[in-house]
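Report on the following structure.
The values are calculated or read from the model by the stated rules, or taken from the named source; none is laboratory data. As the structure is a computational prediction, the values presented were derived from the model and not from experiment. FYI the Cβ positions are ideal-geometry reconstructions off the backbone, even for glycines, and counts take in every protein chain you see. Side chains are part of the model used for accessible areas, which takes the heavy atoms of the whole protein and leaves out ligands, DNA and RNA. Shrake-Rupley method; radii C 1.70, N 1.55, O 1.52, S 1.80 Å.
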Amino acid sequence: MTFKKQILTKLTLFNIFLLASAHASSSIPSQLNFHIGSISATYAENQDTLKASDGTTSTTAKAPYSGTASSMPFAISYEYFPGLSKSYFGRVSGPVMGSTPDRYYSASLGMNFYFGQIGSQAVIKDSGFEMKVLPKFRYYAGPAIGIGYLVYNTKSATKNDMLFEIGAQGGVLYSLNPKWALSAELGGARAIGSLTSATVIKILIGTSYSLDIWGTK
């Protein structure tokens, strides 16, 4: 009986939330995300950009150079929620410590779709009524596009390239309180530039900070 009462209570609260949100004002906070972790960009030079060392136009005299740029990045992103189950974000990241001399920087824009009925914190207000929603776990996935900047070293020179990224990410957040949450994310992207092509894997862990939660404005 206790379990059934809990289910009925949750369903009742959710129905109240849906009805209230249709007529009342709502406040869905944006959030800042701070991450560190691991980024690995496995790259290879494009064959059609190579030049032979003897000055001819033949590309068979030189094999494409390849390698992996691995580092610990610091990433910061701003995430905006137009609704309870979808968000838009912008992110920049760069290496703070590297296990290889090569470096990979990136800036991206994307969307996250949150699974479940409620994917965001929110405050619903009406005359004489206020409801606060704070999900404990939130799961999401979505697409992203962006640009990357690769600095890599061959045996004879240091080169750099600007690449176009397209990929996706998925992650989970665990709320500690209305302001802070722990977060973890796994992402992957294919990046193509004028000199190189790369496969980028991002593993990020960190925290998320909610802005203006519980109707502080």
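The table below gives the values:
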| read-out | value |
| --- | --- |
| One residue from S77, S40, S85 being modelled with pLDDT under 90, closer than 19 Å to Q169 by Cβ and under 26 Å from the mean Cα position of the chain (by Cα) | S85 |
| Selection count where residues are in a strand (DSSP E or B) and without any contact (Cβ under 8 Å) to a residue 40 or more places away in the chain, scope region 81-113 | 10 |
| Condition check for N153: at pLDDT below 95 and closer than 19 Å to M72 by Cα | yes |
| Number of the exception - K179 against (1) modelled with pLDDT of 95 or more; (2) open to solvent by 10 Å² or more (accessible area, probe 1.4 Å); (3) over 12 Å from the mean Cα position of the chain (by Cα) | (1) |
| Filter result for Y149 (of a type in the set (F, W, Y), open to solvent by 40 Å² or more (accessible area, probe 1.4 Å) and under 16 Å from the mean Cα position of the chain (by Cα)) | no |
| Scan of region 187-206 for residues that are of a type outside the set (G, A, S) and under 17 Å from S87 (Cβ atoms), ordered by number | L204 |
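Listed here are the residues, each with its yes/no results for (1) over 28 Å from L150 (Cα atoms); (2) modelled with pLDDT of 95 or more.
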{"site": "A184", "(1), (2)": "no, yes"}
{"site": "G188", "(1), (2)": "no, yes"}
{"site": "L195", "(1), (2)": "no, no"}
{"site": "T199", "(1), (2)": "no, yes"}
{"site": "K217", "(1), (2)": "yes, no"}
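Residues are listed down the side, and each one gets a yes or a no for (1) open to solvent by 80 Å² or more (accessible area, probe 1.4 Å); (2) under 14 Å from the mean Cα position of the chain (by Cα); (3) within 17 Å of F34 (Cβ to Cβ); (4) at pLDDT 90 or above:
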| position | (1), (2), (3), (4) |
| --- | --- |
| A141 | no, yes, no, yes |
| A157 | no, no, no, no |
| I166 | yes, yes, no, yes |
| W214 | no, no, no, no |
